[in-house]
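A.B. asks: Please read through the structure below; I'll follow up with questions.
The values are calculated or read from the model by the stated rules, or taken from the named source; none is laboratory data. Treat the numbers as computed from the prediction; the structure is a model and nothing was measured. Note that we place each Cβ from the backbone using ideal geometry, even for glycine, and neighbour counts take in every protein chain shown. The protein model used for the area step is the full one, side chains on, heavy atoms only, and it has no ligands, DNA or RNA in it. Shrake-Rupley method; radii C 1.70, N 1.55, O 1.52, S 1.80 Å.
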Amino acid sequence: SRRQLGRMATRLSTEQGLSTSKAPPEALKKLSVEDKGLPVSELLAQKPKEEASSGARAVPTGDAFWLAHYHALERHMRENKIKATFADELGRAQDQKDEVTSKREALTLAHYIFWNVIPDYRGRFICLADVERLLSQEQAAAALKALDIDNDGKVSLGDMREAVLAIYKSRKNLALTLQDSKTVIAKLELIFGTVLHVLAFFVYLIIFQVDINKVYVTLSSIILAFAFVFGNNIRNLYESVIFLFVVHPYDVGDVLLIDGVWHQVEEIALTVTMVTRWDGVKLWFPNVKLASGEVANVSRSNNRWEGFKVQVDISTPKEVFDQVDAAVGALFTAHPTEFSGSRLVVANFAGDPLKYTLCVWWEYGHTGHELRRMSEARHLLYMCVTAMLVKLNARYTLPRYDDPNQEAYAAGRIKGEGASFMPQFMHSPALPVKI
């Protein structure tokens, strides 16, 4: 508020030995003349200009520099009658909406949390001591663990954005899962309610002393026709209920590998599941098919492992493998959020007795459910290994190629007078072969 800003300016001026009277120094007067009517953000971004004369007073630095900005800001607020503060606007926004409903709002919330928890606005990280000022030790440790994406003991603005966005996606998927579960349960209630009413109908007949044996033939015919028409659907419905509520292999938002293809669950119904393929195509899979097939849930799996192989000559020294392993380790250290650090660089048999297969295996820092993120990390590792192999001059020479039909072709060539009628290119010792 303006009153707090004035007290802060008075305290700083007392510490620096500056005057707090209504007549500010020359440097502050220059701020007030040219900065009138500017927005607060532009006002704070400006610096005092030095006077052209050699005898001008020195521009304040350090706390005195910020004191000049505080005086100019207070004067700007008084002259323009600014009554609303950031806290007032924030409180009004909180009263209007208490839930985060979009990715943009989640990123805005991340910025708000970061700049309100960090003690110094010129700082870049939030430490455990900063969080303990607001929460207990146990809660602060749990909060820091949830927000520290790269596990380095401090939270940057990027970590805060990524953590809050991940929490938002998780809660959104949970809300969609609960919504689909309620829809499925409502359909089951309708089905069981219909069955109970049919059973109650027979009870009503008994209560009203109706002879059921007389209508047995008619009822049995109806039941037989019903079983013939809806028997398969009822069996599929029963298997779907067992699959969704007993096995429960996935939720909304989970990434599945169906027949080795990447799919993300969008909606779960009683008989079908709607998924989005990696290329954006929406597909509907019957739950019975998913129950009888092989489905891998990537989101519930451990960190993903991948690898690739490069063939090199058998004369490649051991130092090449060591240098590649060191380069991969340096890449993992530079990107701790993408890679866990576990890796394996070994030589394997290539099938050719004069070749090696350089195998590089690594573990991501996540389950691999985000295709773009995993592809970008894989690209970094491919380029790192390629650059190191080129730098170390690792080679792969093609094996010698001998045409086994060359001598036989030359022996069977037409000779004598008939050779003059042959095309010109057939007079060569052998046909040229390009590889």
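A.B. asks: Across segment 380-407, which residue is modelled with the highest pLDDT among those that are open to solvent by 90 Å² or more (accessible area, probe 1.4 Å) and within 16 Å of Cys359 (Cα to Cα)?
C.D. replies: Met383
A.B. asks: Kindly indicate which of Thr333, Thr337, Thr357 is under 14 Å from the mean Cα position of the chain (by Cα), of a type outside the set (A, V, I, L, M) and farther than 23 Å from Ala296 by Cβ. Step through it out loud before you land on a result.
C.D. replies: On the way: Thr333 fails: under 14 Å from the mean Cα position of the chain (by Cα); Thr357 fails: under 14 Å from the mean Cα position of the chain (by Cα).
Exactly one residue qualifies, and that residue is Thr337.
A.B. asks: For Asp180, indicate whether it is closer than 23 Å to Val255 by Cα and assigned to a helix (DSSP H, G or I).
C.D. replies: Details: closer than 23 Å to Val255 by Cα: yes; assigned to a helix (DSSP H, G or I): yes.
Taking the combined requirement at face value, the residue satisfies it.
A.B. asks: Follow-up. I need a count of the residues in segment 235-246 that are of a type outside the set (Phe, Trp, Tyr) and open to solvent by 90 Å² or more (accessible area, probe 1.4 Å). Step through it out loud before you land on a result.
C.D. replies: We begin by selecting, within segment 235-246, every residue of a type outside the set (Phe, Trp, Tyr); these are 235-237, 239-242, 244, 246.
Those still in the list that are open to solvent by 90 Å² or more (accessible area, probe 1.4 Å) too: 235, 246.
Residues that pass the stated criteria total 2.
A.B. asks: Return yes when Glu239 is of a type in the set (Asp, Glu) and closer than 16 Å to Ser299 by Cβ and no when it is not. Please lay out each step first, then the result.
C.D. replies: Working: of a type in the set (Asp, Glu): yes; closer than 16 Å to Ser299 by Cβ: no.
For Glu239, the condition - of a type in the set (Asp, Glu) and closer than 16 Å to Ser299 by Cβ - is not met.
A.B. asks: OK, next. Pick from Ala106, Ala146: which is in a helix (DSSP H, G or I), within 23 Å of the chain's Cα centre (by Cα), within 15 Å of Met160 (Cβ to Cβ) and in contact (Cβ under 8 Å) with a residue 24 or more places away in the chain? It would help to see each step written out before you state the result.
C.D. replies: Numbers: Ala146 fails: in contact (Cβ under 8 Å) with a residue 24 or more places away in the chain.
Every option except Ala106 fails the conditions.
A.B. asks: Is at least one residue of segment 276-296 in contact with a Phe, Trp or Tyr (Cβ under 6 Å, 6 or more places away or on another chain) and surrounded by fewer than 17 Cβ atoms within 10 Å (Cβ to Cβ)? Steps first, please.
C.D. replies: Let us first name the residues in segment 276-296 that are in contact with a Phe, Trp or Tyr (Cβ under 6 Å, 6 or more places away or on another chain), namely 278, 287, 291.
Going one step further and asking which of them are surrounded by fewer than 17 Cβ atoms within 10 Å (Cβ to Cβ), we end up with 278, 291.
The answer is yes, given that some residue of segment 276-296 is in contact with a Phe, Trp or Tyr (Cβ under 6 Å, 6 or more places away or on another chain) and surrounded by fewer than 17 Cβ atoms within 10 Å (Cβ to Cβ).
A.B. asks: Leu135 fails exactly one of the following numbered conditions: (1) open to solvent by less than 80 Å² (accessible area, probe 1.4 Å); (2) modelled with pLDDT under 80; (3) not in a helix (DSSP H, G or I). What is the number of that condition?
C.D. replies: Status for Leu135: all satisfied but (2).
A.B. asks: Would you check if there is a residue in segment 70-81 being out of contact with any Lys or Arg (no Cβ under 6 Å at 6 or more places or on another chain), over 21 Å from Tyr168 (Cβ atoms) and either modelled with pLDDT of 85 or more or not in a helix (DSSP H, G or I) (or both)?
C.D. replies: Looking for residues that are out of contact with any Lys or Arg (no Cβ under 6 Å at 6 or more places or on another chain), over 21 Å from Tyr168 (Cβ atoms) and either modelled with pLDDT of 85 or more or not in a helix (DSSP H, G or I) (or both), one finds at least one in segment 70-81, hence yes.
A.B. asks: So is Thr101 under 23 Å from Lys169 (Cβ atoms) and part of a loop (DSSP other than H, G, I, E, B) or not?
C.D. replies: Numbers: under 23 Å from Lys169 (Cβ atoms): yes; part of a loop (DSSP other than H, G, I, E, B): yes.
Taking the combined requirement at face value, the residue satisfies it.
A.B. asks: Would you check if Tyr168 is open to solvent by less than 100 Å² (accessible area, probe 1.4 Å), hydroxyl-bearing (Ser, Thr, Tyr) and not in a helix (DSSP H, G or I)? Working first, answer last.
C.D. replies: Numbers: open to solvent by less than 100 Å² (accessible area, probe 1.4 Å): yes; hydroxyl-bearing (Ser, Thr, Tyr): yes; not in a helix (DSSP H, G or I): no.
No.
A.B. asks: Taking only pairs six or more apart or across chains, which ones have beta-carbon atoms under 6 Å, a first residue in segment 288-317 that is in contact (Cβ under 8 Å) with a residue 60 or more places away in the chain, and a second residue that is in a loop (DSSP other than H, G, I, E, B) and charged (D, E, K, R)?
C.D. replies: That search, which allows pairs on different chains as well, returns Ser299/Asp254; Asp313/Arg395.
A.B. asks: Any idea how many residues of segment 109-132 are assigned to a loop (DSSP other than H, G, I, E, B), open to solvent by 40 Å² or more (accessible area, probe 1.4 Å) and closer than 14 Å to Leu147 by Cβ? Write out each step before concluding.
C.D. replies: Residues of segment 109-132 assigned to a loop (DSSP other than H, G, I, E, B): 118-125, 127.
In the following step, the residues that additionally are open to solvent by 40 Å² or more (accessible area, probe 1.4 Å) were identified as 119-122, 124-125, 127.
Restricting the remaining residues to those that are closer than 14 Å to Leu147 by Cβ gives 125, 127.
Within segment 109-132, residues that are assigned to a loop (DSSP other than H, G, I, E, B), open to solvent by 40 Å² or more (accessible area, probe 1.4 Å) and closer than 14 Å to Leu147 by Cβ number 2.
A.B. asks: I'm told Lys355 meets every condition in (1) touching a strand residue (DSSP E or B) at 6+ places or on another chain (Cβ under 8 Å); (2) open to solvent by 50 Å² or more (accessible area, probe 1.4 Å) except one. Can you identify the failing condition by its number?
C.D. replies: Only one criterion is unmet by Lys355, namely (2).
A.B. asks: Six or more apart or on different chains, Cβ under 9 Å: which pairs go from a residue in segment 212-241 that's free of Cβ contacts under 8 Å to residues at least 24 places away in the same chain to one that's of a type in the set (Val, Ile, Thr)? Could you list them?
C.D. replies: Ile212/Ile206; Leu219/Ile212; Ala227/Ile234; Asn233/Thr271; Arg235/Val288
A.B. asks: Inside segment 281-336, counting only strands (runs of 3 or more DSSP E) that do not spill past its ends, which hold 1 or more residues that are within 26 Å of Leu237 (Cβ to Cβ)?
C.D. replies: Details: elements: 282-286, 295-297, 305-313.
Fully inside segment 281-336 and qualifying: 282-286, 295-297.
A.B. asks: Is it the case that Val241 is in a loop (DSSP other than H, G, I, E, B) and of a type in the set (A, V, I, L, M)? Show your work before the answer.
C.D. replies: On the way: in a loop (DSSP other than H, G, I, E, B): no; of a type in the set (A, V, I, L, M): yes.
So Val241 does not fit the description; no.
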